[in-house]
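The values are calculated or read from the model by the stated rules, or taken from the named source; none is laboratory data. Quick caveat: nothing in here was measured; it's all calculated off a predicted structure. Cβ coordinates were reconstructed from backbone atoms using ideal geometry, including for glycine residues, and neighbour counts include every protein chain displayed.
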Amino acid sequence: MRKRLETMYAIPDFEQRLWELDQRVNDYGVLLDRELVTRAIDCNRCITAKLSAESQGLTGLENTNSVAQVKDWLQGEGLACYSLTKATMADMLETCDDPEIRRVLELRQEMGKSSVAKYAKMQGAVNDGDRIRGLFQYYGAPRTGRWSGNLVQPHNLPQNYLKDLDYARNILKSGDYELLELLYGHVPDTLSQLIRTAFIAPEGHRFIAADFSAIEARVIAWLADEKWRLDVFHGDGRIYEASAAQMFHVPVESITKSSPLRQKGKVAELALGYGGGPGALVRMGALKNGLTEEELPKLVSAWRKASHKIVNLWGAAESAAREAVEEHAITAVKKGVRFSYERPPFGADYVHLGQPILFIELPSGRRLSYQSPRIGKSLRNAWGGDTLQYEGQNQTTRKWELVETYGGKLVENIIQAIARDCLAEAMVRLAGAGYRIVMHIHDEVVIEAPRGGASDIEDVCGIMSEPISWVPGLPLKAAGYETPYYRKD
């Protein structure tokens, strides 16, 4: 029985190689700028004390870090306040006209910048050789097989948009916090932007950072056979402009980078690929980018008409999954993607393996699994129809429970899993070519390499852009840059 199960669920050879690479990346680690981290922690302590004193002067509160005290004060000033989350604070700032209350809210935002706490995590995680090890969790995302982050959580590092990062880093490391505040204003925000730069290349080395361009958009266009999209990615790659041109029936040449139509195309591309509607557009920032609520349904309709093959893919995935569960069968979607309903054999030692599993086989041969699949009455709508369900982890509560899924969500899992496999293939190829990977974040690879080698960036991007046999015709493209410390280009 043991041999039979090991044969059925054997780790594929490629995944074994990938796991071994993952262990080498984690064991080698990435160098930390200890001086910058120490200064950042000290600077944050000084500025927090200063901001807290200002807030106490305005409010008279004993503890301005107390949520209850701040809420009571705000309500006493006539401001309806039921929570102090990031979203509600932003909403209150938009509607509040009183300058004193606005300043208290701004101070609260600055003092509550949780991203700065990553410096303390860095300081606690660094070990021999000033390197942080074990940052990446292999197969940390069970639905797709993507990596998740450990310790400092490298997958959710704050963005940096300061143009003079070098200067800001040098001022911080000099300990001149007053100058830092004078030049950059909100110090917690500046410290937040410098978090990425705490990861540095050793002396005589640099980082080569390269990432796939619009990988999920490319994969979904490939899997759905959306020809006009593939033509864009085989060409200049300007998908936002091309999407807007398709949606609004205008020449693509007429859509410039500052065009309102490009913004609509961008928001639609980011929000609607997996079955999202107006709510998805709002979550992607449509209203904050100048769109109105009245426009959103029309935008959804226009995008779906322009991308009807992707819409069809959602339906095909759900139909195939339902048929596999209902008929206990193997059903195909396209291009090597197929569903299968399997009930593993079990004996005395394997009772827990007796529950059925819905597998999705990917073009790479890897399989995604959904435990105890079934068709049942909607869990969220008492008057709704039957839905596809499985036992899994609720992404909000982290509890194991019955979870609903649907065509768009299944396609999202499939696309992100294929994108993960493309990154995995690129990582194995890069390591085979002698490149030392120290980090990989989402669809980006960070390599530690000796200085020099003028063609290294071109070579790395070329390796990442090479065709992959199990996704024939997928137009991959990578872009990169070199830097002495980690940052977003």
Worksheet item: Filter the range 32-79 for residues that are outside any helix (DSSP H, G or I) and among the charged types (D, E, K, R); which is farthest from residue 151 (Cα to Cα)?
Response: 77
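Conditions tested, residue by residue: (1) in contact with a helix residue (DSSP H, G or I) (Cβ under 8 Å, 6 or more places away or on another chain); (2) buried (at least 22 other Cβ atoms within 10 Å of the Cβ).
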residue: 154; (1), (2): no, yes
residue: 159; (1), (2): yes, no
residue: 163; (1), (2): no, no
residue: 173; (1), (2): yes, no
residue: 186; (1), (2): yes, no
residue: 191; (1), (2): yes, yes
residue: 207; (1), (2): no, yes
residue: 232; (1), (2): yes, yes
residue: 235; (1), (2): no, no
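Yes or no: the range 265-277 includes at least one residue that is acidic (Asp, Glu), free of Cβ contacts under 8 Å to residues at least 60 places away in the same chain and either part of a helix (DSSP H, G or I) or surrounded by 20 or more Cβ atoms within 10 Å (Cβ to Cβ) (or both). Spell out the reasoning first.
Here is the first cut: in the range 265-277, the ones acidic (Asp, Glu) are 269.
This time we only want the ones that are free of Cβ contacts under 8 Å to residues at least 60 places away in the same chain, so: 269.
Those still in the list that are either part of a helix (DSSP H, G or I) or surrounded by 20 or more Cβ atoms within 10 Å (Cβ to Cβ) (or both) too: 269.
For the range 265-277, residues acidic (Asp, Glu), free of Cβ contacts under 8 Å to residues at least 60 places away in the same chain and either part of a helix (DSSP H, G or I) or surrounded by 20 or more Cβ atoms within 10 Å (Cβ to Cβ) (or both): present.
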Worksheet item: Only one residue in 441, 418, 468 is in contact with a Pro (Cβ under 6 Å, 6 or more places away or on another chain) and either surrounded by 19 or more Cβ atoms within 10 Å (Cβ to Cβ) or not hydroxyl-bearing (Ser, Thr, Tyr) (or both). Which one?
Response: 441
Worksheet item: Taking into account only those residues within the range 60-88 that are buried (at least 17 other Cβ atoms within 10 Å of the Cβ) and within 21 Å of residue 188 (Cα to Cα), which is modelled with the highest pLDDT?
Response: 70
Worksheet entry | Every residue from the range 191-235 that is of a type in the set (A, V, I, L, M) and out of contact with any Asp or Glu (no Cβ under 8 Å at 6 or more places or on another chain) | 191, 194, 195, 214, 219, 221, 223, 224, 230, 232
Worksheet item: Only one of (1) within 29 Å of residue 42 (Cβ to Cβ); (2) crowded, with 16+ Cβ neighbours inside 10 Å is not met by residue 147, so which one is it?
Response: (1)
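Rundown of residues vs (1) more than 26 Å from the chain's Cα centre (by Cα); (2) without any contact (Cβ under 8 Å) to a residue 40 or more places away in the chain; (3) assigned to a helix (DSSP H, G or I), yes/no style:
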site	(1), (2), (3)
160	no, no, no
197	no, no, yes
208	no, no, no
246	yes, no, yes
Worksheet item: Can you tell me how many residues in the range 170-183 are within 32 Å of the chain's Cα centre (by Cα) and within 11 Å of residue 47 (Cβ to Cβ)?
Response: 2
Item to complete: Return the pairs, sorted by first residue and then second, in which the second residue is assigned to a helix (DSSP H, G or I) and among the basic types (Lys, Arg), the first residue lies in the range 23-45 and is farther than 24 Å from residue 446 by Cα, the beta carbons are less than 6 Å apart, and the residues are 6+ apart or on different chains.
Response: 39/173
